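Visitor: A single structure is presented below for examination.
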Amino acid sequence: MEDLTHNPLPYHYSITTSLLCVKCGSCKALCPTYIEDATEGMSARGRIALVTKFIEGELELSKKLDDRIFSCILCGACNKLCPLGINVTDTIYEVRNHIRGFNKKRILLGLGIKLVLKKASNLFKALKLLETINEIIPIFRLYPFSIIKRMDITIPTSMLKDKGNIFRVSKPKGRIAIFTGCTVNFLYPNIGISLIESLNAMNYDVILPKSEVCCGAPLMGLGLKEDAAEMAEKNIKAFKKLNVEAVVGFCPTCIDFIKNGYKNLFGDAIDNAVEVSQFFKDNNEFASLLVSSQHSVAGYKNTSSQPESPKSRKTFGGAEKGSQESHRFYGTKKVIYHDPCHSVYSLNISDEPRKILQSVGLDIIDSEKGCCGFGGTFRLLYQELSEGILEKRIKEYQKADMIVTSCPNCIIQLKSKINDRPIKHIVEVINEYIKSNQKIG
C-alpha cells in the first residue's frame, strides 16, 4: 500500500468546497457520532475544521486527527443539512485516502478486507473456516473474531449465488438484474430468495451476474480509493452488458455507491440501479398485484450449470413454497420501519417503503428516525461508539412488535441486540404478501 501521508494533500474538488464552510453548525443536528459523543471534533463541522487546518498546514497528522477522520460513520446526514451544499463525506473520503497509511492496525484490516472481497467466494470460505475453527478452539472469544460473536452472526450453509444465476418464468414481461451485495449473498440468502420469487411472480426473468463483486464502499471507507475503483470497473462491465430494465439492490449503500459514487470514482456508473423499495413502489405490475390479489407466484427455472434437484424445487430457500411458515408474523399490529441512512440522505427514499407496508395491510407506527450505528467497517473499528448509537434505536423501537427495514446491514446491527421480535427486510414482507395472495387466489 502506497503511503501518501507525507505528501501534500491534493486539492480535490470536495476538499476545495469544504473550505467554504461558514461553521453554522446545521450539520450537527443529525450527526450520529456527535449525538453520541458531544465533542466538536466528533461532529461534521468539527471534522471539516480539522481538515481545513490540516490542509493549511496549521495541524500535523496525529493519532487524534486520524481518529476523528475515520470515526465519521459516513451516513450523509450532514450533506443533506448543509445550506451551502458542501459534500462532507466526499471530503472525508479524500482525506482518508491521503492518510490511509498512518494507522497500522487499519492497514492490516484493509489488507484482510481486500483479500476476501476481491474474490466473492473468499469471504464466504473465510467465514465458514472461522466457524469450523471455533468449534475446536474458541477463537470467537478473541479480538477481532469476537466481533462476529458480538454481532450474533450465523453463517448459512450456502451462498445465494450457489442456487443459480438465471431464474426464468414461462412468459416474461421483462428482465431484471439483482445486485446482491456481500451481506445478502453470504449471510442472508433468504432475503435474496424472497426477491427472486417476488420478481418471478411479477413475470420477470431474474439475473444474478456471476462476475459481480463487492460494490467497493467498504474499501473506499478505509481510504483504499484505487481498490474501490477496481471494483467499480468490474461491476460496471458486468452489469452494463446486460439487457435489463433495472438493476435492483437490497442495500441502499450499495445502490448509492454504484449509481452515484462510481461517477466520482470512475467517471461511469450503473445508471439503472434502483433501491428495492423504490422499484416496487414505482412498478405497475406490483400495483396490479395489490389491486387484484389474483396473481400466482410463478415457478422458477434454474438455468445455471447446476441441475435443479426435486428437493430444491420443493424447498427453494429451505421452506416449502406456499407454506404458512414464511408469513407467520403477517398482520402484526405494531410495525416500525427503520430508515437506512443512505436511503434517506443519499437516495431520498423515506415514504416509499412505508406506503408499500401500508398497502399490504401492515399498521406502521411513528418513530424517531436515526442511524443504527453499523456503518460498515465503522462497526469493526469503533465498537463502543457503534453500540452506543444502536442503543438509542433499541429504546425507540421497544414499542414495536416487528421491525422492517430495507438494508441487510441494518438487520445485522439490529439483530445483534434485539432478539425478542422479528426484524425483516422489506422484500421478505412483499414476498409473504404475494404468497398469501396465491393461497387466497
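Visitor: Among 192, 177, 206, pick out the residue whose Cα is farthest towards the positive end of the charge dipole of the stretch 100-217, where Lys and Arg carry +1 and Asp and Glu carry -1 on C-beta, about the Cα centre.
Guide: Farthest towards the positive end: 177.
Visitor: Give the residue list of GluC sites (Glu not before Pro) in the stretch 362-433 that are DSSP loop and have at most 11 other beta-carbon atoms within 10 angstrom.
Guide: 368
Visitor: Where the only charges are on Cβ atoms (+1 Lys, Arg; -1 Asp, Glu), what is the dipole of the stretch 208-271 about its Cα centre, to the nearest 20 debye? Kindly include the intermediate steps, with their values, before the conclusion.
Guide: Values: 8 positive and 9 negative charges, 27 e Å.
Charge dipole, the stretch 208-271, about its Cα centre: 120 debye, nearest 20.
Visitor: Taking K and R as +1 and D and E as -1, what net charge do the other residues with C-beta under 10 Å from the C-beta of residue 161 add up to?
Guide: 0
Visitor: Same structure, new question: Taking a temperature of 25 °C and a viscosity of 0.890 mPa s, what whole-number D in µm²/s does Stokes-Einstein yield for the stretch 13-102 with Rh from Kirkwood over alpha carbon pairs?
Guide: For the chosen part, D equals 191 µm²/s.
Visitor: So, with +1 on the Cβ of K and R and -1 on the Cβ of D and E, and no other charges, what is the size of the charge dipole of the stretch 13-102 about its Cα centre, to the nearest 20 debye?
Guide: Numbers: 11 positive and 10 negative charges, 27 e Å.
Using only the charged Cβ atoms, the result is roughly 120 debye.
Visitor: Let me ask you something else. Among all lysine pairs in the stretch 13-102 that are eight or more places apart or on different chains, how many have alpha carbons less than 17 angstrom apart?
Guide: Lysine pair count for the stretch 13-102: 5.
Visitor: What full-extension length gain, to one decimal in nm, is calculated for residue 104 and residue 401 as 0.36 nm per residue of separation minus the Cα-Cα distance?
Guide: Using 0.36 nm per residue and subtracting the Cα-Cα distance, I get 102.5 nm.
Visitor: So, by mean Cβ neighbours within 10 angstrom, what's the order for 270-281, 171-182 with the highest one leading?
Guide: In descending order of packing, they fall as 270-281, 171-182.
Visitor: Between residue 351 and residue 210, how high is the FRET efficiency from 1/(1 + (r/R0)^6) when r is the Cβ-Cβ distance and R₀ = 51 Å? Nearest 0.05.
Guide: The formula returns an efficiency of 0.90 here.
Visitor: Need the list of lysines near residue 234 for cross-linking: C-alpha distance under 25 angstrom, and skip anything on the same chain fewer than eight residues off.
Guide: In chain and number order, the partners are 114, 118, 119, 125, 161, 163, 210, 225, 259, 263.
Rule-based calculations on the coordinates, nothing more; no lab input. Owing to the predicted nature of the structure, the values given are computational and were not obtained by experimental measurement. Virtual Cβ from ideal backbone geometry, glycine too; neighbours counted across all protein chains shown.
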